[in-house]
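Read the structure below first, then the notes.
What follows is calculated from the coordinates using simple rules that are stated; it is not laboratory data. No experiment lies behind these values; they were computed from the predicted model shown.
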């Protein structure tokens, strides 16, 4: 049964032989209710850099642009839940900020987001609920206020 969940992997998962345009269009579909909240035009409005690179292969993009494409491709499936694994890992600070701003807009658009990341500074403002797992065991669970109150303990588990 289809669940309308989209996953953006840590490694971005580019297809070496598809252009930016093809990456987006091959993922395009309505959700199980027939709704299309994220279409080609909306994704390109959200990520204007991709619009400039439509004919480039996904593997020809910078790391930040590949991440934008991976997120855009996931949004083209019109998910109810977007799972992001280390969405800004290895990216330049300005690109990281841009990605986090887009993730906030995605959340505000009504798409639930599950974010796997270690950046407490960003996550405390972005997320409603936090869970820290160590080897599959929950070592912390709570809202941002509780996260900040236990920041040292949480960071020790994250190795930050």
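The rule of thumb for compact globular proteins, 2.2 N^0.38 Å, goes into the C-alpha radius of gyration of region 119-160 1.03 times.
The GNM of the chain, with springs linking C-alpha atoms under 10 angstrom apart, assigns the highest mean-square fluctuation among 132, 43, 20 to 132.
Net length available on complete extension from residue 146 to residue 123 is 7.0 nm, with 0.36 nm assigned per residue and the Cα-Cα distance removed. Between 91, 133, 50, the Gaussian network model of the chain with springs among Cα atoms under 10 angstrom shows the greatest mean-square fluctuation at 133. Axis of helix 63-75 versus longest Cα principal axis of the chain: the two differ by about 80°, to the nearest ten degrees.
When Rg and the Kirkwood radius Rh are both evaluated on Cα atoms of region 79-160, their ratio Rg/Rh stands at 0.95.
Compared with the dominant Cα axis of the chain, that is its longest principal axis, helix 93-108 is turned about 90°.
Our estimate of slack between residue 116 and residue 57, defined as 0.36 nm per intervening residue step minus the Cα-Cα distance, is 18.5 nm.
Taking only alpha carbon atoms, the chain gives an Rg to Rh ratio of 0.99, where Rh is the Kirkwood radius.
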